[in-house]
Amino acid sequence: MNTKILVLGTRGFPNTQGGVEKHCEELYPRLAKLGCEITVLARSPYFLKQNRAAEWEGVKFKYIWCPRKKSIEALVHTFFGVIYARLKSPDILHVHAVGPSLLVPLAKMLGLKVIMTHHGPDYEREKWGKAAKMVLRLGEYFGVKFADRIIAISNLIKTGLEKKFERKDVVLIANGVNIPDFAFGGETLKKYGLFSGRYIFTACRFVPEKGLHDLINAYKSLTNPKFKLVIAGGADHETEYSRNLIKKAEAAEVTLTGFISGRPLAELYSNAGLFVLPSYYEGLPIALLEAMSYNLPVLVSDIEANKEVPIPSFRFFKASDANELAAKIEELFKAGISEEEKLNQKLTLVRDYDWDVISKQTKTVYENMRR
């Protein structure tokens, strides 16, 4: 008999911005192929009615309303989602991230079996105020204390939970990445006036903890750079920070593409000369893994989450240090990447970050829950 899974904590997918969304987009179609019956409870405001697929790649969708307001949308959506789950009585309710995990105790009171995937301590994100951070800490506490099983996407998160909550059954199942085909320069490069190998690239949301302001400041400080800076992404919710970031980028003649996916994103990854990730906070950075899958030279901030990915020490810079970032950009853009490093990157990804392996590991957790 197929295991029936309801999924909460993601906005939905495919082609929706966010690390949890990318994680779920890769994971659940694979689990469907492995015989699980997957229904994702998506947030309806993120999908136009004409774009709401009832099923995609074997995954079913139920669109549940919530207000599109960052301070309450996850909580409201999760509440309605837990009530819906009680009515449908799945074998397992799989909750992603610490915010939605605030309602794990309610799910347990209603008799549901719950798995929580911890994607990182979201209360460390700069975008949240004191009250929101307190709620997110409470969500982490409730999720870890009351969920039947805990999955952590990185060893840093796993060891942190074990130490903080003395829970010894946390399962490490990392984020993953696909090894893509190279996308030759075409319409996307032409659209933005770019040339292969002559731009540095990053892809992320426009929130303070991604450090994009440092990247723009570093680029602006360079004298007659021989490359452009291209940023793919946008803001889930427009804020003063995101508006100011766009103004800063435009003043520095940075190329902004907005959120993109599919072939256009693959083309930008494939033809970049250097990938930069200046974050202050990450869980386990999928964007970095994707850059490595395209054999790109990378430059990343020296936060612990980034250090968990095995890349050479010279590819790190001190987080928030725009001067060091600028110097490193010039140095590493010119140096490129050796064939030996490309091979090491590929071997690392195949060994440790294979989505097919990750999906089988997740299914094992599901099966153990049903015993």
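The values are calculated or read from the model by the stated rules, or taken from the named source; none is laboratory data. For clarity, every value in this text was computed on a predicted model and none was experimentally measured. Neighbour counts run over all protein chains shown; Cβ positions are idealised from the backbone, glycine included.
Which of the residues spanning segment 98-146 are touching a residue at least 60 places away in the same chain (Cβ under 8 Å) and of a type in the set (Lys, Arg)?
Once the filter is applied, which keeps residues that are touching a residue at least 60 places away in the same chain (Cβ under 8 Å) and of a type in the set (Lys, Arg), segment 98-146 yields 113, 125, 127.
So, in segment 208-227, of the ones that are among the basic types (Lys, Arg) and at pLDDT 95 or above, which residue ends up farthest from residue 285 (Cα to Cα)?
In this case the residue turns out to be 220.
Cβ-Cβ distance below 6 Å, separation of 6 or more or different chains: which pairs start in segment 265-278 with a residue that is under 19 Å from residue 190 (Cα atoms) and in contact (Cβ under 8 Å) with a residue 24 or more places away in the chain and end on one that is in a helix (DSSP H, G or I) and β-branched (Val, Ile, Thr)?
The qualifying pairs are 267/188.
So residue 106 passes all but one of these: (1) under 21 Å from residue 143 (Cα atoms); (2) assigned to a helix (DSSP H, G or I); (3) out of contact with any helix residue (DSSP H, G or I) (no Cβ under 9 Å at 6 or more places or on another chain). Which condition number does it fail?
(3)
What pairs can you find where one residue is in segment 305-317 and closer than 20 Å to residue 174 by Cβ, the other is among the hydroxyl-bearing types (Ser, Thr, Tyr) and surrounded by 12 or more Cβ atoms within 10 Å (Cβ to Cβ), and their Cβ atoms are less than 6 Å apart, with a gap of 6+ or different chains?
Taking only residues 6 or more apart or on different chains, the pairs are 308/154; 310/348.
Residue-wise test of (1) assigned by TED's automatic domain parsing to the domain that holds residue 219; (2) surrounded by fewer than 18 Cβ atoms within 10 Å (Cβ to Cβ); (3) among the small types (Gly, Ala, Ser); (4) under 22 Å from residue 197 (Cβ atoms).
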| residue | (1), (2), (3), (4) |
| --- | --- |
| 261 | yes, yes, yes, no |
| 288 | yes, no, no, yes |
| 307 | yes, yes, no, no |
| 327 | yes, yes, yes, yes |
| 343 | yes, yes, no, yes |
| 360 | no, yes, no, no |
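Looking at (1) surrounded by fewer than 19 Cβ atoms within 10 Å (Cβ to Cβ); (2) outside any strand (DSSP E or B); (3) of a type in the set (Phe, Trp, Tyr), which one does residue 63 not meet, given that it meets all the others?
Single failed check for residue 63: (2).
For residue 318, are the conditions met, namely being modelled with pLDDT under 95, more than 30 Å from residue 69 (Cα to Cα) and in the same structural domain as residue 195 (by TED's automatic domain parsing)?
Against the criterion (modelled with pLDDT under 95, more than 30 Å from residue 69 (Cα to Cα) and in the same structural domain as residue 195 (by TED's automatic domain parsing)), residue 318 does not qualify.
Is it the case, given these coordinates, that residue 229 is within 30 Å of residue 72 (Cβ to Cβ) and buried (at least 23 other Cβ atoms within 10 Å of the Cβ)?
Answer is no for this residue.
Being under 24 Å from residue 205 (Cα atoms) and at pLDDT 95 or above, is that true of even one residue in segment 333-341?
yes
Looking at (1) among the small types (Gly, Ala, Ser); (2) in contact with a helix residue (DSSP H, G or I) (Cβ under 9 Å, 6 or more places away or on another chain); (3) in contact (Cβ under 8 Å) with a residue 40 or more places away in the chain, which is the only condition residue 327 fails?
If we test residue 327 against (1) among the small types (Gly, Ala, Ser); (2) in contact with a helix residue (DSSP H, G or I) (Cβ under 9 Å, 6 or more places away or on another chain); (3) in contact (Cβ under 8 Å) with a residue 40 or more places away in the chain, just (3) comes out false.
Would you say residue 84 is surrounded by 15 or more Cβ atoms within 10 Å (Cβ to Cβ) and over 21 Å from residue 114 (Cβ atoms)?
Taking the combined requirement at face value, the residue does not satisfy it.
Among the residues of segment 196-205, which ones are part of a loop (DSSP other than H, G, I, E, B), modelled with pLDDT of 95 or more and not basic (Lys, Arg)?
196, 197
Any residue at all in segment 34-57 that is modelled with pLDDT under 95, touching an Asp or Glu at 6+ places or on another chain (Cβ under 9 Å) and assigned to a loop (DSSP other than H, G, I, E, B)?
no
Could you check residue 239 against (1) over 19 Å from the mean Cα position of the chain (by Cα); (2) among the hydroxyl-bearing types (Ser, Thr, Tyr); (3) at pLDDT below 95; (4) buried (at least 18 other Cβ atoms within 10 Å of the Cβ) and say which number it fails?
Going through the list (1) over 19 Å from the mean Cα position of the chain (by Cα); (2) among the hydroxyl-bearing types (Ser, Thr, Tyr); (3) at pLDDT below 95; (4) buried (at least 18 other Cβ atoms within 10 Å of the Cβ), residue 239 breaks only (4).
From the list 282, 240, 250, which residue is over 25 Å from residue 345 (Cβ atoms) and touching a strand residue (DSSP E or B) at 6+ places or on another chain (Cβ under 9 Å)?
Answer to the check: 250.
Pull up segment 143-195, narrow it to residues that are acidic (Asp, Glu) and in a loop (DSSP other than H, G, I, E, B), then point me to the one that is surrounded by the most Cβ atoms within 10 Å (Cβ to Cβ).
148
Residues being closer than 21 Å to residue 70 by Cα and touching a Pro at 6+ places or on another chain (Cβ under 9 Å): count how many of those fall in segment 87-115.
1
Residues in segment 345-358 that are surrounded by 14 or more Cβ atoms within 10 Å (Cβ to Cβ) and basic (Lys, Arg): how many?
1
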